[in-house]
Every structure is written in C-alpha cells, then in structure tokens.
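Structure first, then comments.
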Amino acid sequence: MDFSKPETYLDGCVLFIDKPLNWTSFDVVNKIRWTLKTQLGIKKIKVGHAGTLDPLASGLVIVCTGKATKQIMQYQDLDKAYDAQIRLGATTPSFDLETDVDQTFSWEHITREMVDEALLKFTGEQLQMPPIFSAKSVDGKRAYDMARKGKSIELRRQLITISNLELQSMDLPELSVHVECGKGTYIRALARDLGEELKSGGHLSGLRRTRIGPHIVSDAISLDQFKENLKLL
C-alpha cells in the first residue's frame with residue numbers, strides 16, 4: 001500500500017491513533033482530514049472514527065478514511081479495554097473531572113476486601129445508567145448539550161457487559177482498575193456505581209483506552225507521527 005498517494009486514503013485506509021488528552025474524537029478526525037487535504041492535495045474525503053473517547057481520556061481511537069468508513073460499525077462492535085483511575089469519597093455531575101466536585105463522602109471505612117467484592121459484583125452482564133454528560137441522543141439532541149445548559153434529562157438504563165474487572169493498585173482514596181467490556185459501557189458510570197456500592201462516592205480521575213478488539217494502543221501512532229509520516233513520503 002502506497003501511503004503517499006491520495007488514492008490510498010480515498011480507496012480506504014484504517015488508522016490507529018493514540019488520542020491525546022483534551023482532544024475530542026472529532027478533533028482527531030478533523031485533524032486527519034485537514035492533514036490529508038493540505039499535504040496530499042485531496043479536495044474531499046470521508047473520514048470518521050469508530051467509537052468516541054472522552055476528551056479527558058487518552059488512548060486508542062480507530063479512524064477510517066474513504067471507502068473504509070463503511071467498516072466503522074464493525075469496529076464499534078468490538079470489545080474494549082481501559083486502565084481507569086477512580087477517586088473515591090467525592091462525586092461530580094459528569095462523573096469525571098469535567099465538572100467540579102458536588103458532594104463529598106467518607107472513604108476511610110473502605111477495605112481491600114470490600115473493593116474486591118464490589119468489582120466482582122460489577123463483572124458480567126448488567127443494566128447501567130449512562131451519564132447525563134454523554135453523547136446519548138435525547139429528543140434529537142445530545143445529552144451533554146442539555147446537561148451543560150442545566151436542563152433535566154431522563155435516560156434509560158442500558159444493557160452492558162463487563163467481562164473483566166481487576167484492581168491494579170489501591171492507595172485510598174484512589175483506585176487503579178483494568179476494565180474489559182463490551183459496546184456501550186461507560187467507565188465514568190462504573191466509577192459512580194462503584195462509589196455507591198462502597199457506601200461512598202466516586203468519580204473518574206483518569207482513563208486510557210488500551211485496546212479495541214485485537215488492536216492495542218502500543219501499535220498506534222500519535223497525530224504528530226501521522227503528520228510527519230506523510231512528510232517523509
């Protein structure tokens with residue numbers, strides 16, 4: 001495959017990108033589209049991502065170009081893996097660091113045994129309430145747009161599967177957890193639910209997506225590397 005030719009991207013190319021913090025998945029798509037247009041002279045090209053990753057998360061994002069955008073759905077359906085940092089003893093409206101802490105709770109009673117039991121409870125098939133600060137569609141509008149305007153939102157619980165949930169480290173009030181899950185799982189919602197199960201509060205303080213199906217983040221490239229690779233061709 002000749003990556004120096006516009007036809008390569010128009011005919012269809014799948015890119016594995018390591019998304020940086022504070023970028024949206026759409027920012028990644030727009031950057032790749034702009035780079036292809038300016039460096040290869042492509043006037044018009046389809047570019048899309050195969051699964052949203054929150055701005056405050058880093059890690060693997062799959063981007064498809066040209067005719068490969070027809071494959072997006074099959075990538076979206078793949079299971080995913082994350083390394084998550086969860087802070088106990090406090091909640092935020094967004095379930096992560098996008099919004100400020102709204103309530104604080106005691107966490108000193110929490111033991112390793114309690115955490116292990118809670119993680120086991122959240123392993124398997126279950127109903128999960130999505131965050132109101134999410135891309136869920138409510139009456140044709142994104143839930144996060146309505147939530148940021150302070151509007152009341154009613155979301156429905158979604159059936160999800162968490163196939164593996166492992167405690168990597170525990171330094172209270174912080175937990176580091178490895179999560180392997182199916183489509184539609186919100187790790188922010190897991191942080192909230194875990195806090196409640198531990199008779200405390202919880203929110204996501206860090207997140208990195210390490211795998212989508214068989215594709216791992218260590219094989220991905222940064223946006224700067226993508227741009228430099230085109231310059232070298």
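Readers should treat all values here as calculations from the given coordinates under stated rules, not as data from a laboratory. Since this is a predicted model, take the numbers as computed values, not measurements. No Cβ is skipped: glycine too gets one built from the backbone with ideal geometry, and neighbour counts run over all protein chains shown.
Recomputing volume of the Cα convex hull per residue in Å³ from the coordinates shown identifies the correct label among [x] 132; [y] 148; [z] 119 as [x]. Say the dipole of the chain comes from +1 at the beta carbon of Lys and Arg and -1 at that of Asp and Glu; which of Leu97, Asn229, Thr52 then lies farthest toward its positive end? Most positive-ward Cα: Asn229. Each peptide in 173-179, 21-27, 189-195 was scored by the mean count of other Cβ atoms within 10 Å over its residues; highest first, the order is 189-195, 173-179, 21-27. Of Ile216, Ile162, Ile187, the sequence from fewest to most neighbouring Cβ atoms within 10 angstrom is Ile216, Ile162, Ile187. You can think of it this way: the chain between Lys121 and Gln103 has 4.0 nm of extra reach, that is 0.36 nm per residue less the Cα-Cα gap. Across the stretch 26-42, coupling constants 3J(HN,Hα) worked out from phi with the 6.51/-1.76/1.60 Karplus curve, θ = phi - 60°, read 5, 4, 4, 4, 5, 5, 5, 4, 5, 5, 5, 5, 7, 9, 10, x, 7 Hz, and Gly and Pro carry x. Rounded to the nearest 0.05, the FRET efficiency derived from the C-beta distance between Thr38 and Asn164 at R0 = 30 Å is 0.10. Sites listed here are GluC sites (Glu not before Pro) in the stretch 40-128 whose DSSP assignment is loop and whose Cβ has at most 12 other Cβ atoms within 10 Å: Glu108. Legend: calculated FRET efficiency, Asp171 to Phe26, from the Cβ-Cβ distance at R0 = 41 Å, rounded to 0.05, equals 0.75. Give a quick list of trypsin sites (Lys or Arg not before Pro) in the stretch 25-91 that DSSP marks as loop, anything other than H, G, I, E or B, with at most 10 other Cβ atoms within 10 Å. Answer in residue order: Lys43, Lys44.
Applied to the stretch 155-172, the Karplus parametrisation 6.51 cos²θ - 1.76 cosθ + 1.60 on θ = phi - 60° returns per-residue 3J(HN,Hα) values of 10, 9, 5, 10, 6, 10, 9, 10, 7, 8, 9, 10, 7, 8, 7, 9, 9, 3 Hz, with x for Gly and Pro.
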